[in-house]
Amino acid sequence: MKKIILLLIIFQSAFLLTVQAQDNTIKKEKWHWGAQQDTTAGYAQAVKVGNVLYISGTVSRDVSPQGITNVYKALERTLQQYGATFQNVVKENLYTTDIEAMKKYNDSRKVFYKGDFPSATWVQISRLYMPDASLEIELIAYLPEKG
């Protein structure tokens with residue numbers, strides 16, 4: 001009897017693992033500036049999976065107070081599509097060709113977070129995807145469940 005029970009447990013476990021392995025799809029909600037996603041470059045501006053929102057890099061041609069403000073306004077617009085604000089942002093990745101200018105004009109960025117800063121990584125690089133861009137910022141935001 002014990003052998004039969006053990007065999008049933010093994011069979012059931014193998015069956016459940018097979019069923020779970022076959023269902024590896026995730027639901028992705030995508031947004032791309034209110035239009036179809038960019039198939040030329042191959043990306044969507046934002047992808048929401050569960051309660052996590054991943055926002056692709058948003059760029060500026062110059063690292064100046066106005067250029068930084070424009071990038072964060074565009075990011076804010078993307079967040080708003082999901083009912084979020086900068087207070088939902090938990091991670092920021094910033095890429096620039098001029099880290100010293102970014103440090104100098106950081107106050108332009110801080111305004112958007114209102115003192116509630118996310119985990120952040122800033123990296124100086126030699127070039128971005130768009131040849132004339134000098135700043136690109138991507139975000140990850142957590143969206144609380146609607147109750």
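Odds and ends about this structure:
- Hits in the stretch 44-57 - residues which are at pLDDT 95 or above and buried (at least 19 other Cβ atoms within 10 Å of the Cβ): 53, 55
- Residues in the stretch 58-72 that are farther than 12 Å from residue 101 by Cα, polar (S, T, N, Q) and crowded, with 16+ Cβ neighbours inside 10 Å: 58, 60, 69, 70.
- Whichever residue in the stretch 114-136 is of a type in the set (Ser, Thr, Tyr) and part of a loop (DSSP other than H, G, I, E, B) and, among such residues, is farthest from residue 102 (Cα to Cα): 129
- Matching entry among 121, 78, 96 (being in contact (Cβ under 8 Å) with a residue 24 or more places away in the chain, surrounded by fewer than 16 Cβ atoms within 10 Å (Cβ to Cβ) and of a type in the set (S, T, N, Q)): 121
- The residue that is modelled with the lowest pLDDT, counting only those in the stretch 68-113 that are part of a loop (DSSP other than H, G, I, E, B) and of a type in the set (Phe, Trp, Tyr), is 82.
- The residues in the stretch 80-112 that are over 13 Å from the mean Cα position of the chain (by Cα) and under 27 Å from residue 127 (Cα atoms) can be counted, and the count is 18.
- Subset of the stretch 81-93 [without any contact (Cβ under 8 Å) to a residue 40 or more places away in the chain and β-branched (Val, Ile, Thr)]: 85
- Hits in the stretch 15-43 - residues which are at pLDDT below 75 and surrounded by 12 or more Cβ atoms within 10 Å (Cβ to Cβ): 31, 33, 37, 38
The values are calculated or read from the model by the stated rules, or taken from the named source; none is laboratory data. As the structure is a prediction and not an experimental result, all values here were calculated from the model. Heads up, the Cβs are rebuilt from the backbone with ideal geometry, glycines too, and the neighbour counts pull from every protein chain shown.
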